[in-house]
1. Evaluate the relative contact order of the chain (contact order divided by residue number), counting alpha-carbon pairs under 8 angstrom at least 6 apart; express in whole percent.
2. Expected output is a single nm value to one decimal: the length gained when fully extending between Ile41 and Asp3, i.e. 0.36 nm times separation in residues minus the C-alpha distance. What is it?
3. What net charge is computed for the residues neighbouring Ile32, neighbours being all others with C-beta under 11 Å from the C-beta of Ile32, Lys and Arg scored +1, Asp and Glu -1?
4. Subtract the Cα-Cα distance of Asn50 and Phe29 from 0.36 nm times their separation in residues, and report this length gain in nm to one decimal.
5. Kindly express, to the nearest 10 degrees and within the range 0 to 90, the angle between helix 4-14's C-alpha long axis and the longest C-alpha principal axis of the chain.
6. Give the label of the value calculated from the structure for mean projected area of the Cα convex hull in nm², choosing from (i) 5.7; (ii) 5.2; (iii) 3.5.
Amino acid sequence: MVDFKAESEEVSRSFDVEILSIKYEKNHFHMIFKAKPTLDIPKYINIISNNINRNS
């Protein structure tokens, strides 16, 4: 079983994002995060989503 929280935190570090809260469901997740206004949000979310889908 993959540790989605750890993977999400690793991706977040590379984007300079702080995850404040995260909850995973079977086919989706909810996340509250703190980031700079220059963050490419779609790219960031897609990478995390792809990690979840790839390993579920």
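Nothing in this text is a laboratory measurement; each read-out follows from the coordinates by a stated rule. Every value quoted in this text rests on a predicted model; they were computed, and no experiment measured them. For neighbour counting, all protein chains shown are included, and Cβ atoms are generated from backbone atoms with ideal geometry for every residue, glycine included.
1. Numbers: 48 pairs, mean separation 19.7, N = 56.
Contact order relative to length: 35 percent.
2. Numbers: separation 38, 0.36 × 38 = 13.68 nm, distance 2.20 nm.
So the extension gain works out to 11.5 nm.
3. Working: positive: Lys23, Lys34; negative: Glu18.
Taking every other residue near Ile32 into account, the sum is +1.
4. Length gained, Asn50 through Phe29: 6.4 nm.
5. Its long axis makes an angle of about 20 degrees.
6. Here mean projected area of the Cα convex hull in nm² agrees with entry (iii).
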